[in-house]
Amino acid sequence: MDKIVVTNPATLEKLAEVEIWDAPRVEDAVRRAARAFDSWHRTSFRERRRWLLRLKDEIIKRKREIAEVIVKENGKPFVEALAYDVMPVLEFLTYFAQRAEDLLRKELLDIGKWKFMRRESYLEFAPLGVVGVISPWNFPFSLSMGPIAQALMAGNTVVLKPSELTTLTGLKIADLFRDAGLPQDIVIVAPGDGRTGDALVRSSVRKIVFTGSTATGKKIMSLAGQDLKPVVMELGGKDPMILLKDAHLPTAIKAAVWGAYVNCGQVCCSVERLYVHKNIYKEVLDGVVAETNSLRQGNGMDPETDIGPLISERQLRIVESQVDEARKKGARILAGGERNRELKGWFYKPTVLTDVTPQMQAIRDETFGPTLPVIPFESEDEALSMANDSPYGLTASIWTANLARARELASRLEYGSVSINDHGVTYGIAQTPWGGWKQSGIGRTHGSIGIREMVEIRHVHTNRGFRMSNPMWFKYDRKKSEVVPAALDLLYGRGVRHRVKGLMQALRRASS
Ligand code: NAD
């Protein structure tokens, strides 16, 4: 049996070895989750709410223990593990526990003229069955638990395949469900690597909710397409931050530096391109360089660490090669630009680049590391066109004191979320939908739109006039072929005269 070796990226110390689940084991987990679904989907919203809030209490009680596991295997600072992994989960559990019933309430449709024909339509939302959740390592707790909270409240059960790099957080999730006493098998954690994920996609789950790279997303989607299994894809990004000339600079500079380096830049909505109006460019550049140089890199368990290591040597090499390529092509490196060799693990110094061009990988491809390219612009049109010039479209931000202008510009950005005077934080707001345009994804998570990804929609249509047979049923005859065109004029003709003419004709033909 193959094993995953989990290591601490800050110390390179081996943390654990965990068996990789193979395809038969995954299929067995899906069968068990399907059995759990039989009773779970019959529970009321009230009962589900009670269970999820009980889980929330368990998480609150064990928040430090959870954050420590995340820090050990992911490397991020302890405060970040609490604020950006544990806190969103508390938020999601609370919100969906309390609001799912309303969000998934039966919805009466306005069917226009059909209601005068004694008809009525409503939508109801039915659980899918077993949902397969495949999550990445960068926010291993929140990106697993967010989909789980929504799936469970909608009445589904889940098989979770956590990232191999953060397997221990995945196993911690299983512990939390067990220790909080939630019904058995409503969530089953299947540790493993890409092969386990592949087996989950091939299994009899009813839907795949995937968060990870665009490359893996494409593989999963084409595999799922073979039997038309629906998918939600939360993929990569290359997010722009745009500073207009009236931006509040002290705040915007801090935000850019935080947005680029939080979680060591390994965030789908990291600031990966900072566009700055030429009038403030110098001040911003000086500001971000000074701020970058003041950051302290180290082990995430040290309370004074701002930036931890990258997750793996592979990730470090990607960052290194992008920065090296940019440098060779003429970029200037104003801070960082190399590994931090004073530290043992996969540390790369936070790096400010300038004089970059759109042809460089550092500007074109997702970096997923602690880099901040700063790019001047002359006009807002130019800024928007550079920001939109990307295969990705996850989130963007605009910084200005002129909120009306910001909203006008926001509506021209090809991004799933645009923030004005903030960046990336809406992932943690359970009410707001999260998801990307273009190659950043398909579908949404969170809010009223996100939870609908976790249900099948059933439309129920009632004909109250059930004693009357439909005149358009068989048999057809000459009269019908004359009445129907007149009826079309009546219903869809342009202007009152056309319609009245249709009515008169229809009546005449019907009575002849
Ligand atoms: P990844 O694609 O390498 O892996 C993600 C998950 O998919 C892991 O659990 C992995 O084991 C699994 N996997 C790998 N190959 C598979 C296969 N063939 N079939 C099924 N599963 C497979 O991504 P990663 O490196 O873990 O995460 C980083 C990426 O995730 C970045 O691109 C980042 O932008 C993206 N991301 C997106 C969001 C979002 O909300 N849009 C959030 C976080 C991360």
Place a label point 7 angstrom from the Cα of His459 along the Cα-to-Cβ direction, then list the residues of region 205-244 whose backbone nitrogen is under 20 Å away.
-> 230
Could you order peptides 365-373, 338-346 by the average number of other Cβ atoms within 10 Å of their residues, highest first?
-> 365-373, 338-346
Taking a straight Cα-to-Cα line shorter than 17 Å from Lys344, and setting aside same-chain aspartates and glutamates fewer than 8 residues away, one finds Glu13, Glu73, Asp302, Asp306, Glu313, Glu320
Surrounding net charge for Ala67, when Lys and Arg each add one and Asp and Glu each subtract one, Cβ distance under 12 Å | +1
Placed amide H near Val189: partners under 5 Å, 5+ positions off or other chain | Leu160
In degrees, nearest ten, helix 87-103 long axis to first principal axis of the chain (Cα) | 0 degrees
Summing +1 per Lys or Arg and -1 per Asp or Glu among the other residues with Cβ less than 14 Å from Leu507's Cβ gives +3
Go through region 1-98 and name the GluC sites (Glu not before Pro) that are in a DSSP coil and have 13 or fewer other Cβ atoms within 10 Å of their Cβ.
-> Glu13
For the chain: relative contact order, % (alpha-carbon pairs under 8 angstrom, 6 or more apart) | 17 percent
If each K or R counts +1 and each D or E counts -1, the residues other than Asp324 whose Cβ falls under 13 Å of its Cβ total +2
Which percent, to the nearest 5, of DSSP beta bridges fully inside the chain are antiparallel?
-> 40 percent
Give me the angle, in degrees from 0 to 90, between the Cα long axis of helix 45-61 and the longest principal axis of the Cα atoms of the chain, rounded to the nearest 10.
-> 0 degrees
Prolate/oblate/rounded label for the chain (Cα gyration tensor, a/c 1.5) | oblate
Give me Val352, Val131, Val232, Val5 ranked fewest to most by other Cβ atoms within 10 Å of their Cβ, as a rough exposure proxy.
-> Val5, Val232, Val352, Val131
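Loop-only chymotrypsin sites (Phe, Trp or Tyr not before Pro) in region 414-500, please: DSSP not H, G, I, E or B, and at most 12 other Cβ atoms within 10 Å.
Here the sparse-neighbourhood loop sites are Phe466, Trp473, Phe474, Tyr476.
What does the helix-only formula give at 222 nm for the chain: each DSSP H stretch with n ≥ 4 adding -39500 (n - 2.57), the total divided by the residues, and the result rounded to the nearest 500 deg cm²/dmol?
Numbers: 17 runs with 210 residues, N = 512.
Mean residue ellipticity, 222 nm, calculated: -13000 deg cm²/dmol.
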Loop-only check: which GluC sites (Glu not before Pro) in region 371-402 are DSSP coil with at most 16 other Cβ within 10 angstrom?
-> Glu378
Taking Cα atoms, the helix 167-179 axis meets the longest principal axis of the chain at an angle in degrees (rounded to 10) of 60 degrees
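Rule-based calculations on the coordinates, nothing more; no lab input. In this text the structure is predicted, and so the values were computed from the model without any measurement. Reconstructed Cβ throughout: ideal geometry from the backbone, glycine too, with neighbour counts over all protein chains shown.
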